[in-house]
1. So is L655 within 25 Å of A516 (Cα to Cα) and outside any helix (DSSP H, G or I) or not?
2. Out of E58, E15, which single residue is farther than 30 Å from L372 by Cβ, free of Cβ contacts under 8 Å to residues at least 60 places away in the same chain and touching a strand residue (DSSP E or B) at 6+ places or on another chain (Cβ under 6 Å)?
3. Which one of these does A573 not meet: (1) crowded, with 18+ Cβ neighbours inside 10 Å; (2) over 53 Å from the mean Cα position of the chain (by Cα); (3) hydrophobic (A, V, I, L, M, F, W, C)?
4. Residue by residue through segment 422-479, note down the ones that are in a strand (DSSP E or B) and modelled with pLDDT of 90 or more.
5. Determine whether segment 591-603 contains at least one residue that is in contact with a Pro (Cβ under 6 Å, 6 or more places away or on another chain) and touching a residue at least 24 places away in the same chain (Cβ under 8 Å).
6. Do we find a residue being surrounded by fewer than 18 Cβ atoms within 10 Å (Cβ to Cβ), modelled with pLDDT of 85 or more and more than 27 Å from L380 (Cβ to Cβ) anywhere in segment 263-279?
7. So in segment 353-398, with the set limited to residues that are among the hydrophobic types (A, V, I, L, M, F, W, C) and touching a His at 6+ places or on another chain (Cβ under 6 Å), which one is farthest from I39 (Cα to Cα)?
Amino acid sequence: MKLVKAQVQNYRSVEDSGAFEIGALTCLVGKNEAGKTAILSALRALRPSKSQDFEIDETIDYPRRFSTRFDDRHPNGEAEVIRTWWKLEAADIAAVEKRFGPGVLKSDIFQVHYGFRYDDDKRSWVIEVDEAKCLEHLVSKHALDATDRNVLHNVSDGQGAEKALAGLTEPSAKQTALLEDIRKVRKSRFILGVIDILEPRQPRFFFTSHFERMSGMVSLNKLQQDRQQNKVDVGDKIFLSFLEYAGTTLEELIAADRREALKAKCEAASNEITEEIFQFWSQNNALEVVIEIDSGKPSDPSPFNTGIVADIRIRNTNHKATLPLSERSAGFVWFFSFLAQFKQLKKTESNAIILLDEPGLTLHGKAQGDLLRYIVERLLPDHQVIFTTHSPFMVPMDRLNDVRIVEDVIHYNPKTGRPDLKGTKIHADVLEVSDDTLFPLQGALGYEVTQSMFIGSHTWLVEGPSDILYLQTLSQALRKRNREGMDRRWTLCPSGGIDKIAPFVRLFGGNHIDIAVLSDVANSDKKKIEAVKKEQILKAGRFFTAADFVGQQEADVEDLFDPALFAEILNGAYKPPAGKEVTKDALLAASETERIVKKAEALFKLMPQEVAEFDHFGPARWLLDNPQILDGDSPAVLATLERAEKVFAAFNALLS
């Protein structure tokens with residue numbers, strides 16, 4: 001069965017989260033103190049992993065500001081904390097039908113909820129069962145004939161059937177067998193029988209956080225005492241999980257008369273986990289885990305000065321040195337510890353739902369990406385995973401439908417200015433929440449857009465968005481005539497100007513990216529262009545200016561257009577009143593500069609007030625919407641396409 005929806009109420013900062021969908025992977029994104037951990041803790045309380053004791057505590061966990069009003073808020077004496085919706089799979093339905101017959105479940109969706117003051121610490125199930133069909137199946141199973149069935153006339157449930165059969169003075173053998181079968185069901189209620197079949201199949205919740213790391217050095221004798229007194233700390237619990245995964249036990253290590261064999265088991269397990277790590281750990285592949293088991297030395301600090309001591313160390317094969325696990329990077333220690341827990345979990349609870357609280361918080365951004373890849377490739381095939389994060393690098397950008405936004409909502413009374421606390425809410429719609437809450441998602445989106453724009457592509461840098469529109473429209477017009485347009489391998493990208501080109505190339509040029517530049521040029525820019533070329537951050541011959549293609553000293557991409565055609569585009573974009581239309585002659589005479597955009601700027605300063613001010617983007621946008629202007633064979637159109645084709649031919653020639 002799969003968890004498909006959940007709702008948390010009356011728990012710490014969560015008054016009512018609202019019901020939120022849960023898939024194979026669910027990422028809860030929110031800022032610090034938004035209530036993400038509270039959501040995971042409430043889920044965990046429903047059915048904790050066998051290896052993890054966890055209970056909700058009314059004194060600590062019930063919302064403090066309502067603690068004196070518990071009875072008023074919950075007249076029935078129970079405060080629901082967690083409500084979950086589950087979808088049955090074919091194997092679950094088959095298990096029920098094997099006992100009670102086909103079609104006894106009215107729906108493949110059921111609910112389980114739990115909270116404070118629930119009777120006998122029981123989880124409440126809401127499941128639809130056709131008890132009449134259950135009874136009919138058992139009657140048919142025991143082959144009651146018409147006479148035997150008479151006692152069950154108008155009876156449609158297990159308790160009614162038990163009462164009727166138990167009241168017989170001389171029941172037949174078949175009636176007795178049916179009665180015994182019904183009594184095998186808890187309280188003779190078929191719905192409870194169904195629950196008893198499904199409950200062991202329901203996944204448990206395994207929780208771990210970025211704080212949980214395996215102890216680097218362990219006194220085995222003290223750990224044995226701590227376990228007897230139920231005082232084992234988190235780090236030592238992970239060590240015990242590691243031993244179980246290795247196929248040994250604490251007692252076996254302590255009592256061993258030949259420790260080498262046990263050490264070999266530990267090393268074999270650590271080697272396997274290490275190999276697993278380095279399939280996903282891109283930070284440093286020269287590390288390996290070493291387990292040393294020895295007697296405590298008198299000069300060592302207590303409790304490591306007596307008894308048997310296990311020392312987990314990390315060897316750096318580059319530096320030929322080992323360090324205690326606790327002194328290695330917190331990120332690597334967490335990753336190793338998590339894998340040790342997970343490996344053991346797969347042996348004991350193969351269908352557990354994994355709850356990760358801020359996983360990889362101490363990892364480098366790239367390593368967080370490695371962890372996210374591990375979650376998707378290793379955990380999801382067998383487990384549902386719900387994790388919290390406020391890191392952009394842990395947001396699964398290829399699965400944004402799996403992202404939920406967590407926010408501690410506070411409204412302020414406009415009259416009094418006092419806060420009205422709504423508590424932690426979970427949203428699937430990112431437009432409902434604040435900018436602070438959205439920051440990880442915005443950061444992830446920006447990073448993803450940047451990477452997808454450049455990695456593995458040939459990037460053609462231009463100065464601004466208008467240049468992209470001009471080049472794309474001109475390319476389409478040329479292709480329409482079966483002439484050379486822009487090669488589809490090029491990705492056009494705005495750099496923001498000549499000053500931004502060098503930083504851009506430094507930032508992305510080391511990523512095996514093919515970069516070429518088409519820059520506007522004014523006399524004031526020539527020294528900057530020469531400086532960029534001298535820095536050799538671009539391969540020779542990959543830096544062009546618009547002037548290279550139009551026979552001018554100064555030029556912009558707009559200078560590819562014949563003045564008569566550009567005048568026509570300006571008239572279409574700005575619609576000046578009659579008598580004020582832009583003409584070729586007026587455009588050329590507007591300014592002494594060679595650059596047609598500067599001429600247009602000067603001309604539009606003389607336009608009537610109702611005409612919009614000239615800007616670079618307006619004409620480009622109009623051309624994109626009206627590409628048919630390039631379909632004609634006027635001298636202006638043909639001259640423009642001739643220049644554009646030279647640009648595309650020069651840049652296409654750069655592609656291997």
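The values are calculated or read from the model by the stated rules, or taken from the named source; none is laboratory data. Here the structure is a predicted model, which is why all the values come from computation and not from measurement. FYI the Cβ positions are ideal-geometry reconstructions off the backbone, even for glycines, and counts take in every protein chain you see.
1. Considered against the rule, which asks whether it is within 25 Å of A516 (Cα to Cα) and outside any helix (DSSP H, G or I), L655 comes out as yes.
2. E58
3. Unmet for A573, out of (1) crowded, with 18+ Cβ neighbours inside 10 Å; (2) over 53 Å from the mean Cα position of the chain (by Cα); (3) hydrophobic (A, V, I, L, M, F, W, C): (2).
4. T424, K425, I426
5. No, that holds for no residue.
6. no
7. Filtering first and then ranking leaves L361.
Okay, residues lined up against (1) of a type in the set (S, T, Y); (2) surrounded by fewer than 21 Cβ atoms within 10 Å (Cβ to Cβ); (3) in contact with a helix residue (DSSP H, G or I) (Cβ under 9 Å, 6 or more places away or on another chain):
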residue	(1), (2), (3)
A330	no, yes, no
A340	no, no, yes
A352	no, no, yes
P359	no, no, yes
T362	yes, yes, yes
K366	no, yes, yes
Y374	yes, no, yes
P381	no, yes, no
